[in-house]
Amino acid sequence: MTDMMKLVVMVVVMGAVTSLATAQPVPATPAEGTSVTSGSAVSPTMAKALGIVGACLGAAGAAIGGGFGIARIGSRCMDAIARQPEAAGSMFAPMIVTAAMVEGGMLFATVVCLLGVLGI
């Protein structure tokens, strides 16, 4: 599978997990004039469990993506320094700033997932 196909599959799976996790549970008591068949309602416990699983997968995806991003930034900077050692000083600061921005995005995504688990 190509990298693009893997990315698409991952986005689809994450979307499915998120939509399952945020689905509103069906009320346990049926409305007037209707009946609920056994097993058709998503229990609140199951919805909470799916929400936690989705949040954990989101945090894991953020951590993995951030790790790959920072590794790629460092790798490209080291390649550039190897090609032009005299420019190492001018490449170091932008590398650190870019890595910090990726780290900030990763931390923000992890905090959002944690807030989803805690229900805040």
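Could you list LEU57, LEU107 in order of exposure, starting from the residue whose Cβ has the fewest other Cβ atoms within 10 Å? Can you show the working numbers first?
Details: LEU57 17, LEU107 13.
In increasing order of surrounding Cβ atoms, one gets LEU107, LEU57.
What ranking, highest mean first, results for peptides 108-115, 48-55, 90-97 when packing means the other Cβ atoms within 10 Å averaged over each residue?
Numbers: 108-115: 14.6, 48-55: 16.9, 90-97: 12.0.
Highest to lowest by the protection proxy: 48-55, 108-115, 90-97.
HN-Hα J couplings of segment 85-95 from phi, Karplus 6.51/-1.76/1.60, θ = phi - 60°, integer Hz, Gly and Pro as x?
Computed from phi, the couplings for segment 85-95 are x, 5, 9, 4, x, 7, 9, 5, 5, x, 5 Hz.
How do ARG76, ARG83 line up, fewest other C-beta atoms within 10 Å first?
Final ranking by Cβ density, sparse to dense: ARG83, ARG76.
Bear in mind these aren't lab numbers, they're just calculated from the coordinates by the rules spelled out. As the structure is a computational prediction, the values presented were derived from the model and not from experiment. A quick note on method: Cβ atoms are made from the backbone with ideal geometry, for glycine too, and the neighbour counts reach across all protein chains shown.
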